[in-house]
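Beneath this line is the structure, given in structure tokens, with notes to follow.
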Amino acid sequence: HAQPTACPICGPQLQVVTPSGESIRSVDPLAHFVTAVRAGQIGALKGLGGYHLVCDATSRTAVAELRRRKQREEMPFAIMVRSTEVAHQLCVVSPQELSLLESRQRPIVLLRRRHGMGSKVCDAVAPRNPYLGIMLPYTPTHHLLMELAGDLPLVMTSGNRSHEPIAYSDGDALQRLGPIADVILRHNRAIHVRCDDSVTRVVAGGELPVRRSRGYAPQPLKLPIACPVPMLAVGGQFKGVFALGNHSQAFLSHHIGDLDQLEAALQFERDIALYEEMFAIRPKVIVHDLHPEYLSTIYAAERSDRGDMLRIGVQHHHAHMASCMAENGLNEPVIGVTFDGTGYGVDTTLGEPTIWGGEFLTGDYEQFERAAHFRNVALPGGDKAVREPWRMAAAHLLDALGDASLLRDRISATALRIAQRMISQQLNAPLTSSVGRLFDAVASIAGVRDFVTYEGQAAVELEWLAIDVPTDREYPFEVVSARDTAESPLVIDTRPMIRAIVKDVESRTSSARIARRFHSTLVSIIAHTCQHLRDTSGLNAVVLSGGVFMNTILATEVFARLTACGFRVYRHHRVPPNDGGLCLGQLSVGAARLQTRIATSQKLQSAATLTIPESRNPLTTMEQGKTTCASAFQAGLRIRTKKTTS
């Protein structure tokens, strides 16, 4: 639908309207819009993949009002500047970061703020954040707008209320953005597909995508194992991205958002249909996460039943590991260090699956072993603990010390008592090995943050505190076997570390120093555990994945430490390490398993008779027979059994 050459009279037209949709008579709609924004008003601007909300990034009053109306308390806003010269004035920009800023994808690039000049952008744009998310104009409207704005940086954030999908139709914009904006600048070209801005950064000399969307999607990625038939991988519940696989190509969608929002879930289904039509791919297999309550899993089950598609479930952290393997072109067994906030485990405790999130896996695309993990602690309140980090602090304090009194000055005695009862009685307190939740616990214990207003806030603020602090020492930890068997996974016991952090807090060590020591300890835990796994498995390739590896300190220092230890280390550089890259791993696992299934089918078809070797244990013989018959059935063979012995 692009019209690069258009008549200035009857081509696309700009229009400035009120929040109720009434046209404002103006000789120059752009000039009217910029004048309003300069005067402190909030604007809504129609762009390429949806609407942006716009205000003066140097005005504390305007930014605070935008936060109030948008219901976005502290999460950073992106800003747009006219040129790279302005970007250099506000931030330190390396050659690689400059290349990303000026690339045809025109992503938001996270850049380190300059002291002094960086303060030109008010602190309310990115509270307590040493970085600014900056982008350059990427549409003709943006270029004209920023020419009129001059060197004034403008907040350019998604046109939505907090946690909602971006508005992209004119009617939806009036309904949802009317209560937020004072003035709306739109054009008469319809947006057919909602698409958010991409976000990226440079870490240790390489690109690390945060959100892969406009400009990057649906550029195909090469799969190391070709899809035997067309396939669809539906990702997870959060940071929704799906992928279509055809032969050796994977087409990842743009960022859709968290699927717990109704509009995002509906958009998810619409965009899958759009991509299938656009690429003429009709999937025969659908791959999904194991969590039964994810909307993506429910979609996969319903579509599989409705369309007679083969369905393949993939464990969350296995998909993370496979995602990093796939984008680096690996097809060999590896050690997968996969740290995140939440993932459906395949072990059970008291009949319930534990929540994984601090995993060392060994394996390949087809299968994996849980070789090591962080010690399980309770998650009191379930999802509520994600919004209230003090709950994880209480769980770790009770686990390490049997006492959470350190929190009594900040958390009510009643709340602490209820949390302790949840843990002791195992009520709404599932066990988790999550490193993301460990970050939350340490942030609360160190006095950084007890409550959050957006996902991962406690963890990123702990990182920001540590970023300029030189390392001095590490906290103690232990690596033990879960059970007295060689096959048992190793367990990283965090209790010695928690006790040492409490001592630092009691001796009034600064939060920044505690944050730095905690990061250094995690680096050592990873190095120590990987060396042990290399000694026992012979594996020398390590992949780093999961949302925790968005952390620049960990991503940089773990890579350097493992490389110095002689490992081949692989990181993400084309898809995000968070759940935005999950579908690539699912697709790769699904392709590998399907290839094996087909090979097994062909082997079965070449045999006229299959004999199940008799075991001394009749149950063993039965299980072998069931497995072989199941494989033959999946291959479409007719099965006839004959008993040959008593």
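The values are calculated or read from the model by the stated rules, or taken from the named source; none is laboratory data. Just so we're clear, the structure is a prediction, and the values are computed from it rather than from any experiment. Here the Cβ positions follow ideal geometry from the backbone for every residue, glycine too, while neighbour counts run over all protein chains shown. Note: accessible area is taken over every heavy atom of the protein model, side chains too, but ligands, DNA and RNA are not part of it. Shrake-Rupley method; radii C 1.70, N 1.55, O 1.52, S 1.80 Å.
From largest to smallest, the equivalent ellipsoid semi-axes obtained for the stretch 62-143 from the alpha-carbon gyration tensor read 22, 16, 11 Å.
Under 5 Å between amide hydrogens, built in the peptide plane, is the criterion, and for M156 it picks out A78, I79, M80 among residues at least 5 positions away or on other chains.
The overall shape of the chain is oblate: from the C-alpha gyration tensor, with semi-axes ordered a ≥ b ≥ c, the ratio a/c is 1.5 or greater and a/b is no larger than b/c. Between amide H atoms placed 1.01 Å from N, distances below 5 Å from G343 occur with W356, all of them 5 or more places distant or on a separate chain.
Each residue of the stretch 584-598 is assigned a 3J(HN,Hα), and the resulting list reads 5, x, 4, 4, 5, 5, x, 5, 5, 5, 5, 4, 5, 4, 5 Hz, derived from the Karplus form 6.51 cos²θ - 1.76 cosθ + 1.60 (θ = phi - 60°), x at Gly and Pro.
Ordered from highest to lowest accessible area with the whole protein assembly present and a 1.4 Å probe, D271, D399, D472 read as D472, D399, D271. Shape index of the stretch 116-197: Rg/Rh, with Rg the Cα radius of gyration and Rh the Kirkwood radius from the inverse mean 1/r over Cα pairs, equals 0.98.
The share of Cα pairs per 10 Å bin across the stretch 455-519, counted from zero up to the longest distance, runs 20, 39, 27, 13, 1 percent. Computed packing ranks the peptides 245-255, 31-41, 387-397 as 387-397, 245-255, 31-41, most packed first, by mean other Cβ atoms within 10 Å. Partners of K222 within straight-line reach, counting aspartates and glutamates whose Cα lies under 13 Å from its Cα and excluding those fewer than 8 residues away in the same chain: E327. Computed over the stretch 404-546, the quotient of the alpha carbon radius of gyration and 2.2 N^0.38 Å is 1.17.
The distance between label points at S481 and E102 comes to 5.9 nm (points 7 Å beyond Cα on the Cα→Cβ vector).
Across the stretch 213-230, coupling constants 3J(HN,Hα) worked out from phi with the 6.51/-1.76/1.60 Karplus curve, θ = phi - 60°, read 8, 3, x, 9, 8, x, 3, x, 10, 7, 8, x, 10, 5, 6, x, 9, x Hz, and Gly and Pro carry x. Using every pair of separate Cα atoms, the Kirkwood estimate puts the hydrodynamic radius of the stretch 245-340 at 15.0 angstrom.
Distance between the pseudo-spin-label points of H573 and Y454 (7 Å out from Cα toward the beta carbon): 2.8 nm. The C-alpha atoms of the stretch 51-208 occupy a region whose extents along the principal axes are 43, 32, 30 Å, arranged from largest to smallest. Here the average projected area of the convex hull drawn through the C-alpha atoms of the stretch 323-470 stands at 10.7 nm². Principal-axis analysis of the Cα atoms of the chain puts helix 262-278 at an angle of about 80° to the longest axis. Summed over qualifying helices (DSSP H, 4 residues or more, each -39500 (n - 2.57)) and divided by its residue number, the chain shows a 222 nm mean residue ellipticity of -11500 deg cm²/dmol. The long axis of helix 495-506 is offset from the longest Cα principal axis of the chain by roughly 30 degrees. Using the Cβ-Cβ distance between E85 and A204 with R0 set to 41 Å, the FRET efficiency from 1/(1 + (r/R0)^6) comes to roughly 0.95. At q = 0.13 Å⁻¹, what log₁₀ I(q)/I(0) does a Debye calculation on the Cα points of the stretch 156-268 give, no solvent, two decimals? Debye intensities relative to I(0), on a log10 scale: -0.62. Close amide-amide hydrogen proximity is noted between D196 and R214, H255, each under 5 Å apart and 5 or more residues distant or on a separate chain (H modeled in the peptide plane; Pro and chain starts excluded). Counting only alpha carbon atoms, the long axis of helix 60-70 and the longest principal axis of the chain meet at about 50°. Note on the stretch 365-439: the C-alpha convex hull projects to 6.0 nm² when averaged across all orientations. Across the chain, the relative contact order, built from alpha-carbon pairs under 8 Å that are at least six residues apart, equals 13 percent.
Ligands, DNA and RNA left out, the accessible area of the chain computed with a 1.4 Å probe is 51% carbon and sulfur. Note that the stretch 301-314 has calculated 3J(HN,Hα) couplings of 5, 5, 5, 5, 5, 6, x, 6, 8, 6, 10, 10, x, 10 Hz, one per residue in order, obtained from phi through the Karplus relation 6.51 cos²θ - 1.76 cosθ + 1.60 (θ = phi - 60°); glycine and proline are x. Taking the inverse of the mean 1/r over every pair of distinct Cα atoms in the stretch 149-192 gives a Kirkwood hydrodynamic radius of 11.9 Å.
Across K46, K120, K222, K284, the residue with the most accessible area heads the list, and the full order at a 1.4 Å probe is K222, K284, K120, K46. The share of alpha-carbon pairs in the stretch 1-70 lying farther apart than 17 Å comes to 53%.
Each principal axis of the stretch 495-590 carries a Cα extent, and these read 51, 32, 22 Å when sorted largest first.
When only the Cβ of Lys, Arg, Asp and Glu is charged (+1, +1, -1, -1), the dipole of the stretch 62-182 relative to its Cα centre reaches about 300 debye. Taking 10 °C and 1.306 mPa s as conditions, the stretch 1-140 diffuses translationally at an estimated 95 µm²/s according to Stokes-Einstein applied to its Kirkwood radius (Cα pairs). A Förster radius of 30 Å, combined with the Cβ-Cβ distance separating V92 from A560, puts the computed FRET efficiency at roughly 0.90. Over all pairs of different C-alpha atoms, the stretch 280-402 has a mean inverse distance whose reciprocal, the Kirkwood radius, equals 16.5 Å. Ordering of 232-238, 555-561, 211-217, 22-28 by packing is 232-238, 211-217, 555-561, 22-28, highest average first (other Cβ atoms within 10 Å, averaged per residue). The residues of the stretch 1-119 present an accessible area of 51 Å² per residue when probed at 1.4 Å with all protein chains retained.
For the stretch 337-384, the equivalent ellipsoid built from the Cα gyration tensor has semi-axes of 21, 12, 10 Å, listed from largest to smallest. Between D305 and L262, the modelled labels are 2.2 nm apart [label points 7 Å from Cα along Cα→Cβ].
Structural descriptor for the stretch 447-573: relative contact order 23 percent, calculated from alpha carbon pairs under 8 angstrom and at least 6 residues apart.
If R0 is taken as 30 Å, the Cβ-Cβ distance between Q367 and H143 corresponds to a FRET efficiency of 0.05.
Protection proxy ranking of 492-499, 57-64, 459-466, by the mean of other Cβ atoms within 10 Å over each peptide's residues and highest first, is 459-466, 492-499, 57-64.
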